[in-house]
1. Rounding to the nearest 20 debye, state how big the charge dipole of the chain is about its Cα centre with +1 on each Lys and Arg Cβ and -1 on each Asp and Glu Cβ.
2. Could you point to the label whose value was computed as P(r) over Cα pairs in 5 Å bins from 0, in percent for the structure here, given [x] 3, 15, 21, 21, 16, 11, 6, 3, 2, 1, 0, 0; [y] 3, 11, 10, 11, 11, 10, 9, 7, 8, 13, 6, 1, 0; [z] 3, 12, 11, 11, 11, 10, 9, 7, 6, 6, 5, 4, 2, 2, 1, 0?
3. Work out, step by step, the length gained on full extension between residue 49 and residue 20: first 0.36 nm times the residue separation, then minus their alpha carbon distance; give nm to one decimal.
4. From the phi of every residue in segment 32-43, what ³J(HN,Hα) in whole Hz does the Karplus formula 6.51 cos²θ - 1.76 cosθ + 1.60 yield, where θ is phi - 60° and glycine or proline is x?
5. Counting other C-beta atoms within 10 Å, and keeping those with at most 12, which DSSP coil trypsin sites (Lys or Arg not before Pro) do you find in segment 1-56?
6. Counting helices only, and only those DSSP H runs with n ≥ 4, report the 222 nm mean residue ellipticity of the chain as the sum of -39,500 (n - 2.57) divided by its residues, in deg cm²/dmol to the nearest 500.
7. Convert each backbone phi in segment 51-56 into a coupling constant with the Karplus relation 6.51 cos²θ - 1.76 cosθ + 1.60 (shift: θ = phi - 60°), then list the ³J(HN,Hα) values in order as whole Hz, x for Gly and Pro.
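The numbers here are math on the coordinates, done by the rules we state, and not lab data. All figures in this text were calculated on a predicted structure; none of them were measured in a lab. Don't worry about glycine lacking a Cβ; one is built from the backbone with ideal geometry, like all the others, and counts go over all protein chains shown.
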Amino acid sequence: MKPESRTPNVRISPHAHELLRQLAEEEQASMQAVLDRAIERYRRESFLRAANSEFQALKGDPRAWKQEVQERQLWEQTLADGPDKK
């Protein structure tokens, strides 16, 4: 069996299973589809939390923040060139 076609089993609590079943019923979707969307949303939220944390750390370092602002200003100038100009 190819790894891509394998369907792994994951144990969840009875409570989580019941919530998943209810959500799937409400959305008229499979439990797998609901779980896939929930995991993707969790992945995105985790990424944004980490990015926000790093951004706050950057802002907490005055020297690093000044460099960030200067770099942004350089990028803004390149945007003024327009995509069609050569």
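1. Charge dipole, the chain, about its Cα centre: 300 debye, nearest 20.
2. Answer by label: [y].
3. Details: separation 29, 0.36 × 29 = 10.44 nm, distance 2.47 nm.
Working it through step by step, the gained length comes to 8.0 nm.
4. Coupling constants for segment 32-43: 4, 5, 5, 5, 4, 5, 5, 5, 5, 5, 4, 4 Hz.
5. When the trypsin sites (Lys or Arg not before Pro) of segment 1-56 are filtered for loop state and at most 12 Cβ neighbours within 10 Å, 6, 11 remain.
6. Taken over the chain, the calculation gives -24500 deg cm²/dmol.
7. After applying 6.51 cos²θ - 1.76 cosθ + 1.60, I find 4, 4, 5, 5, 5, 5 Hz.
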